[in-house]
1. What's the carbon and sulfur percent of the range 158-231's accessible surface, probe 1.4 angstrom, rounded to a whole number?
2. What order do Glu246, Glu172 take when sorted by accessible area (1.4 Å probe), most exposed first?
3. Using a ≥ b ≥ c from the Cα gyration tensor of the range 1-115 (square roots of the eigenvalues), is it rounded, prolate or oblate, where a/c under 1.5 gives rounded and otherwise the larger of a/b and b/c decides, a/b for prolate?
4. Hey, any idea what % of the range 16-62's accessible area is carbon plus sulfur with a 1.4 Å probe?
5. Tell me, what is the 1.4 Å probe accessible area of Met224, in Å² to the nearest 10?
6. Between the DSSP loop rule and a limit of at most 15 other Cβ atoms within 10 Å, which chymotrypsin sites (Phe, Trp or Tyr not before Pro) in the range 207-298 are left?
7. Just from its helices, what would the mean residue ellipticity at 222 nm be for the chain, if runs of 4 or more DSSP H residues each count -39500 (n - 2.57) and the sum is divided by every residue, rounded to the nearest 500 deg cm²/dmol?
8. Given a cut-off of under 8 Å on Cα pairs at least six residues apart, what relative contact order in percent is computed for the chain?
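The values are calculated or read from the model by the stated rules, or taken from the named source; none is laboratory data. These numbers were taken from a predicted model, which means no experiment stands behind them. Heads up, the Cβs are rebuilt from the backbone with ideal geometry, glycines too, and the neighbour counts pull from every protein chain shown. Quick note on the areas: whole protein, heavy atoms, side chains included, nothing else; ligands and nucleic acids left out. Shrake-Rupley method; radii C 1.70, N 1.55, O 1.52, S 1.80 Å.
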Amino acid sequence: MEASFFTAVFLPVALAVIMLGMGLSLVPDDFLRVAKYPKAVAVALINQLIILPAIAFVIAKVIPMPNYIAVGLLILALCPGGATSNLITYFAQGDVALSVTLTALSSTITVFTIPVASNLALQYFIGTTAAISSRLDASRITLPIGTTMLQIFAIALLPIGLGMSIKQRFPEFAFRLEKVTSKIAIAFLILIISGLIIREWSRLPGFIAQVGIAVVLLNISAMMVGFYISKLFNLSIPQQICIAIEVGFQNGTLAITITAGLLNNPDMAIPAAIYSLFMYITGLLTIYYGRRYISATS
């Protein structure tokens, strides 16, 4: 299938706008705050970059699903935390400063980890010669590592840097622009997920049956593991809440851009689309229980 306007233009532009909005909320100190609480940052990044993909791999092996769906689930788990995690952390009375720092760091690190780990997932679940599906040519079974890093940099890190630069030079304008980009980001996410659902409407029940349980398990287990490992390392309660949310809220738009855009396989994007919807349910529950947890321990 040739790249459509949706995958070749709309998805990258939508992600760039979302990441620009994230950049408008960041300052250089968000990257330097590692020195303030290194243990919390280390625990969170290990959970997000190593344990979360490991959980996704186990789920993909245990629960029967097509290989391309398994790859989509792994790519989702490889993505950084989404900007929404900062908002959920705030309402759940978690450590917002830590959340912003983790989102900034993971967004930077995963530019380099996603292409390598995604290729490993593709080779393991599909192989180097078989076609992923009738929609994906076998020649596109791999992601060119250098090119993919540059593409993710251009549509993710570059807009973040631009947003930070605007905020540093024109803080009042950045404040107003952030409000606009936040609304646009929500609209883009709705359009992206709606587009995938409309495109795959006839096969949607089958997709939900194939990946629904896996998505729910990934989201809930990731948040629980993040929370209890943070508790094991005696982090503060706001930090525990923050890490649980940061590990459980993935950048679904980036996952969809990689699968439906760079790999040109909309079917592979289904786990990210369903996950992006479901995580808002767990987000509301986390806000409720997070606030109760803080009240009970204060």
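1. Using a 1.4 Å probe with all protein chains present, the range 158-231 comes out at 74 percent carbon and sulfur.
2. Order by accessible area, largest first: Glu172, Glu246.
3. Because a/c hits 1.5 or more and a/b fails to exceed b/c, the range 1-115 counts as oblate.
4. Answer for the range 16-62: carbon and sulfur cover 76 percent of the accessible area.
5. 100
6. Within the range 207-298, the qualifying chymotrypsin sites (Phe, Trp or Tyr not before Pro) (loop, at most 15 other Cβ atoms within 10 Å) are Phe233.
7. Dividing the helical sum by the residues of the chain leaves -23000 deg cm²/dmol.
8. 35
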